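I have placed the structure first, in the form of structure tokens, so that the comments after it can refer back to it.
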Amino acid sequence: MAVIDTLMETAVADTDLLRRLDAQGDRFHIARDVEFLLRAPSAEKATKVASFINDYQYGIATAQGLDDAPSVLLIVHMRIEQHGLRSVSGFMACVCALFGLDYDGWGCVVQTRK
């Protein structure tokens, strides 16, 4: 049940962020780099998950903060239309559940060009 709870919480957080971006005039259909942050309990876990993500080409992942606050920064170049973004975000939450990390959400630069 914990994964289902996480997916429901993630969906709500994703929708809130999309609403804030919409209020700033974001054009969701414009592809951009979207950053996902996965917090790890150890440098070893961060490195393992970054390797998994890179090996299977889910995005470009970097293990960072290995000495004091290990995490994985994952970049996916994508549109942020709700159905696609929430699918990728939910997948990242599942990866975290499988590997014992904490999903800290996503962010991107607002795209307003026409």
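Summing Lys and Arg as +1 and Asp and Glu as -1 over all other residues whose Cβ lies under 15 Å from the Cβ of V109 gives a net charge of +1. Measuring between their Cα centroids, segment 2-36 and segment 52-67 lie 21 Å from each other. A helix-only calculation puts the chain at -15500 deg cm²/dmol for mean residue ellipticity at 222 nm, using -39500 (n - 2.57) for each DSSP H run of at least four residues, averaged over all residues.
Between the residues T47, L37, M78, the greatest Cα displacement towards the positive end of the dipole of the chain, with unit charges on the Cβ of Lys, Arg, Asp and Glu, is found for M78.
Result for the chain in a Gaussian network model with C-alpha springs under 10 Å: among D67, D22, D102, the largest mean-square fluctuation is at D67. Using the alpha carbons alone, the radius of gyration of segment 40-82 stands to its Kirkwood radius in an Rg to Rh ratio of 1.06.
When the charge dipole of the chain is built from unit charges on Cβ atoms (+1 for Lys and Arg, -1 for Asp and Glu) and taken about the Cα centre, the candidate among A97, G25, L7 whose Cα reaches farthest toward its positive end is G25. Summing Lys and Arg as +1 and Asp and Glu as -1 over all other residues whose Cβ lies under 12 Å from the Cβ of A69 gives a net charge of -3. Compared with the direct C-alpha span, the chain from D67 to M8 gains 18.0 nm at full extension, assuming 0.36 nm per residue. Note on segment 1-107: with charges restricted to the Cβ of Lys and Arg (+1) and Asp and Glu (-1), its dipole about the Cα centre is near 260 debye. When the alpha carbon gyration tensor of segment 48-111 is reduced to an equivalent ellipsoid, its three semi-axes come out at 20, 13, 12 angstrom, largest first.
Among residues other than G100 with Cβ under 15 Å from its Cβ, the summed charge is 0 (Lys and Arg +1, Asp and Glu -1).
Coordinate-derived values only; no laboratory data. This structure is a prediction, so every number in the text was calculated from the model and none was measured. Neighbour counts run over all protein chains shown; Cβ positions are idealised from the backbone, glycine included.
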